[in-house]
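To start, the structure under review is shown below, and the notes come after it.
The values are calculated or read from the model by the stated rules, or taken from the named source; none is laboratory data. If you're wondering where the values come from, they're calculated on a predicted model, not measured in any experiment. Cβ sites come from the backbone with ideal geometry, for glycine too, and all protein chains shown count toward neighbours. Just the protein is used for accessible areas: all its heavy atoms, side chains included, with ligands, DNA and RNA removed. Shrake-Rupley method; radii C 1.70, N 1.55, O 1.52, S 1.80 Å.
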Protein chains: 2
Amino acid sequence: MEYKNFSQLKSLKKLNELKPFDVKSNLNKKRIKEYQTKNGSTLNYSYATMPVNEEHIKVFQELSEEQDLINKYKALLNGERINTGEDRCVLHQLTRGQILDDVISDNENKGEFYKSQLSRIEDFSNKVRNGNIVGSTNKKFKTVVQIGIGGSDLGPRALYLALKGYAIAQKKDIIDAKFISNVDPDDVSDVIKDIDFETTLFVLVSKSGTTQETLTNKDLVFDALKSCNIEGFDPSKHMIAVTSKTSPLASSKEVLDAFFIDDYIGGRYSSTSAVGGVILSISLGFETFNELLSGAHEADINALNENVCDNASLLDAMIGVYLRNVLELPSTAVLPYSQALSRFPAHLQQLDMESNGKHVNRFGENIDYLTGPIIFGEPGTNGQHSFYQLLHQGTDTIPLQFIGFKKSQYEKDITVDNSTSQEKLNANLTAQIVAFAIGKNDDNPNKVFEGNRYSSLISADQLTPKTLGALLAHFENKVMFQGFIWNLNSFDQEGVQLGKILAKKVLNGCEGDENLLSYSELLK
Amino acid sequence: MEYKNFSQLKSLKKLNELKPFDVKSNLNKKRIKEYQTKNGSTLNYSYATMPVNEEHIKVFQELSEEQDLINKYKALLNGERINTGEDRCVLHQLTRGQILDDVISDNENKGEFYKSQLSRIEDFSNKVRNGNIVGSTNKKFKTVVQIGIGGSDLGPRALYLALKGYAIAQKKDIIDAKFISNVDPDDVSDVIKDIDFETTLFVLVSKSGTTQETLTNKDLVFDALKSCNIEGFDPSKHMIAVTSKTSPLASSKEVLDAFFIDDYIGGRYSSTSAVGGVILSISLGFETFNELLSGAHEADINALNENVCDNASLLDAMIGVYLRNVLELPSTAVLPYSQALSRFPAHLQQLDMESNGKHVNRFGENIDYLTGPIIFGEPGTNGQHSFYQLLHQGTDTIPLQFIGFKKSQYEKDITVDNSTSQEKLNANLTAQIVAFAIGKNDDNPNKVFEGNRYSSLISADQLTPKTLGALLAHFENKVMFQGFIWNLNSFDQEGVQLGKILAKKVLNGCEGDENLLSYSELLK
């Protein structure tokens, strides 16, 4: 299998010669019907308002074959050490189910290992929810608080917020989940001021067991737990860990139990491992988490399709590369028309920008082409009343990734002015897609909308655990494919190291570095 | 007073000839000390790591004079109809206090009008907090819920989150505030499922009284209130309005009382009017809100300084123009090192992108230069574990706006490994500024940090109401100055209209528009 220089690809040369398809003049019923594809049994990816036509798609297919993308994905699934810089396999898809060969590493079958952890999560979460595991003063747990940062926070938090309403509507018992992430001590203070320690279980999440923010926050929480002065209260009965087997946390006496991940699950890809699984299963029930896994697994299987038109995440990746490298557009907005997805854009921001915001290729060599874009976004219709002005009439083109659902989660709705709120929500979504694509002429330049502001739409019947799993995996696989196309290692994050080193230096007195010293004095 | 074409300015020509100052090679103690200025009594704006030196600043001064910026600001303060497209004054600064002449419009003294509303807010909020105004079943209000969208949501929500911890630390009684914004019916369901209607007061915010989302959500809430089956319960005693005097809401029998704004307060600039004032005064106390106003007023006065080096918001605006129009950088990240500012970037996103995301000048003519950038951001240190990888090592340069404070709000902290959490937080902030500016060489290209990734730092002792007010006004005035420089109308939002028109069309059956019809069918 060959890893080719992106800028030398024959297919890229062809792509560079293709003008953007003029959506504004050519959008019609037929195109909208044809330019869509399924991702698994729940998601629909519609790209009729993207600047591509059959010619582009033909070259996308050539690019996929020239860069051998599907075989690279298969190699990843089969446990090849795709994360070369850190000499690691990349196995987050395996947390959702096995697709190809057994992966044997560190003398164990990794699929079995993840399955065994999943089974432990099922057992533990059921016991917590049933009251068979209780706090040190024999009270049932009513709150679960995750302490973690980055991938141990954004994904699990986004998924929890996305599914809470659904679980409530399904009449599940909810154990309220909260999250502590920032080393800012106000983050801990704000969360713990409202909770009853006797009925709270903390989940400490750090793969290495050495993350500065997480360990500091654990100590802050322990300090509060120890000083709560309740007879018989034992802090260590109120804390569990999600970590690697070899981490100091794994055998710490400060925790009641530990659930394991390994080095083959990157933080930003860890939502479907124990990192997301423990808190989601405790708060919303193991079944909810398991359905999420099944949706992700479907999307992982869909990503094996050789034909780009039948492979939604690959096609999305290809269109993104065309927007980025040919049209040189620097950003993408993610716009879910569902309030439950309020933090999903923040998760995608990490997923995409940390994976592909790189200036070297997978061999550590400098590159001469653009890589990952800026990702940002807020739910619609809120965003319409905020930054959409610039999206419609600003001087830059910003491609848009819409997400929408036919039904709401609670399905509590009323008719006002002849339509329900859900109908209004989707009428707005429909209107925006068409407004961005077609625009509007007017004699008054201030009322002119240029059109050809590109978007795609991922839609599904309802935001369920299964749909959400597919949505998550769609984006993970899109990012993976773009990494393969650009010949990057999407699974390391060397760019976060320098800040860590300098922060230590500051805490040790700046060692005579006058710049560090001057700035630290501004903050003293 | 002359409104000049930006692209024809002599000073712009000079600016275009100035190379970016090489921060990487020239950062030192002296520069860090000199390249900072105060904004009012609380804020410090440091720009030593921006690519400018004395030469640039000299041209900034020329640009300010050539485009007559301070006089334009004075004209705005004096009530000139700066919002030409809508033929309106722009008076949000007046909600914080009068600076120049009386503004007389619509046969009233506008300063007196805003003051009288403020006084009504003081009176009403004190009565709610004292229990002199209670719910229809004679219970004290414990929760206040704002129903509003865009400017009636993002600013007030961001400010509430920013000040809640401070108010708690000051031992103030807190009336819990919640927000409903999205027309997605799940937004209402999620908020109202947890509240006790008998002790909840809703604040309905819509200047026109016709905002689709807000009126629909009001009806959804009313529907729930009416069906709560509590003896003696009267929904209209649980709802107040913030609106314009002429709106249908002002005299609605559905509300207990109404507080007024007018057409001269744009939504995104309305946080310091009754739009933010009612909910902040009820939830955190009128004094808290009044201190916020005093901080904003100081920054408004500071913005009158003719010397750009003594005018932090003007200088920030100028540097932003250099980054945008000369260096052609498409975005700016806002990175507050305070968890309490978690939604402040989302507010700035609206403020900046809706104000200056324009393709016509203030006369409605097409323009040939870049305007407002993309604004996005998340709190540090969280962001460090997310998208900072791309900021450090991605292929684009993204200017950074850091915000930091010497002290936390709760001031509950412990020492772990010889430093407090607050010290760790600020060590990280210091480290990031220097890492972005100076970078790091290495034989391994994957460990190379290019440096010259530009940032500025706004810092203060603590995130207090006064500091927050100054911070808010700093950015409002920055955006205003950039609008003046680019010769835009920063106070209209014509770009949101087309979507509204098309959404109505969809709700009326698409009127044979096959594109709207096809997309709406995807969502049915």
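Structure above, values below:
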| item | result |
| --- | --- |
| Count of the range B:506-524 residues which are within 17 Å of A:ASN418 (Cα to Cα), open to solvent by 20 Å² or more (accessible area, probe 1.4 Å) and more than 7 Å from chain A (Cβ to nearest Cβ) | 3 |
| Complete set of residues in the range B:462-494 that are within 16 Å of B:ILE301 (Cα to Cα), touching a strand residue (DSSP E or B) at 6+ places or on another chain (Cβ under 8 Å) and open to solvent by 10 Å² or more (accessible area, probe 1.4 Å) | none |
| Residues of the range B:238-295 classified as part of a loop (DSSP other than H, G, I, E, B) and of a type in the set (A, V, I, L, M), total | 3 |
| Selection from the range B:291-323 of residues that are open to solvent by less than 30 Å² (accessible area, probe 1.4 Å) and over 20 Å from the mean Cα position of the chain (by Cα) | B:VAL308, B:TYR322, B:LEU323 |
| Complete set of residues in the range A:163-195 that are in contact with a strand residue (DSSP E or B) (Cβ under 6 Å, 6 or more places away or on another chain), acidic (Asp, Glu) and buried (at least 23 other Cβ atoms within 10 Å of the Cβ) | A:ASP187 |
| Identity of the residue in the range A:208-250, touching a residue at least 60 places away in the same chain (Cβ under 8 Å) and among the basic types (Lys, Arg), that ends up surrounded by the most Cβ atoms within 10 Å (Cβ to Cβ) | A:LYS218 |
| Candidate set from the range A:441-455 (those that are touching a His at 6+ places or on another chain (Cβ under 9 Å) and more than 7 Å from chain B (Cβ to nearest Cβ)); member that is most open to solvent (accessible area, probe 1.4 Å) | A:GLU450 |
| Any chance A:GLY85 is open to solvent by 10 Å² or more (accessible area, probe 1.4 Å), modelled with pLDDT under 95, farther than 30 Å from A:ARG453 by Cα and out of contact with any Pro (no Cβ under 7 Å at 6 or more places or on another chain) | yes |
| Contacts under 6 angstrom Cβ, first residue in the range B:313-327 being over 10 Å from B:LEU63 (Cβ atoms) and among the acidic types (Asp, Glu), partner assigned to a helix (DSSP H, G or I) and modelled with pLDDT of 95 or more, 6 or more apart | B:ASP316/B:LYS478 |
| Any hit, the range A:368-379, residues being farther than 23 Å from A:SER64 by Cα, open to solvent by less than 10 Å² (accessible area, probe 1.4 Å), touching a Pro at 6+ places or on another chain (Cβ under 7 Å) and in contact (Cβ under 8 Å) with a residue 60 or more places away in the chain | no |
| Any pair with Cβ under 8 angstrom, 6 or more apart, that starts in the range B:120-147 at a residue that is in contact (Cβ under 8 Å) with a residue 12 or more places away in the chain and ends at one that is of a type in the set (Asp, Glu) and part of a loop (DSSP other than H, G, I, E, B) | B:PHE124/B:ASP257; B:ARG129/B:ASP173; B:SER136/B:ASP234; B:THR137/B:GLU231; B:LYS142/B:ASP196; B:THR143/B:ASP196; B:GLN146/B:ASP153 |
| The range B:35-59 - residue that is of a type in the set (Gly, Ala, Ser) and more than 12 Å from every other protein chain (Cβ to nearest Cβ) and, of those, most open to solvent (accessible area, probe 1.4 Å) | B:SER41 |
| Unmet requirement for B:THR467, which otherwise passes all of (1) part of a loop (DSSP other than H, G, I, E, B); (2) farther than 27 Å from B:LEU390 by Cα | (1) |
| Pairs with Cβ under 6 Å, 6+ apart, first in the range B:500-524 and in a loop (DSSP other than H, G, I, E, B), second open to solvent by 20 Å² or more (accessible area, probe 1.4 Å) | B:LEU523/A:LYS406 |
| Count - residues of the range B:147-180 that are β-branched (Val, Ile, Thr) and more than 12 Å from chain A (Cβ to nearest Cβ) | 2 |
| Flag if A:LEU488 is outside any helix (DSSP H, G or I), within 11 Å of chain B (Cβ to nearest Cβ) and either over 28 Å from A:ASP396 (Cα atoms) or modelled with pLDDT of 95 or more (or both) | yes |
| Filter result for A:GLY148 (surrounded by 20 or more Cβ atoms within 10 Å (Cβ to Cβ) and at pLDDT 95 or above) | yes |
| Tally of residues being in contact with a strand residue (DSSP E or B) (Cβ under 7 Å, 6 or more places away or on another chain) and either small (Gly, Ala, Ser) or assigned to a loop (DSSP other than H, G, I, E, B) (or both) across the range B:123-162 | 5 |
| Number of the condition not met by A:LEU323 [criteria: (1) out of contact with any helix residue (DSSP H, G or I) (no Cβ under 9 Å at 6 or more places or on another chain); (2) assigned to a loop (DSSP other than H, G, I, E, B)] | (2) |
| Residue list for the range B:220-245, restricted to those being in contact with an Asp or Glu (Cβ under 9 Å, 6 or more places away or on another chain) and of a type in the set (S, T, N, Q) | B:SER236, B:SER244 |
| Filtered residue count, the range A:382-440, keeping only those that are part of a loop (DSSP other than H, G, I, E, B), surrounded by fewer than 22 Cβ atoms within 10 Å (Cβ to Cβ), out of contact with any Asp or Glu (no Cβ under 7 Å at 6 or more places or on another chain) and more than 7 Å from every other protein chain (Cβ to nearest Cβ) | 4 |
| Criterion violated by A:THR371 - all others in (1) farther than 20 Å from A:LEU12 by Cβ; (2) in a loop (DSSP other than H, G, I, E, B); (3) polar (S, T, N, Q) satisfied | (1) |
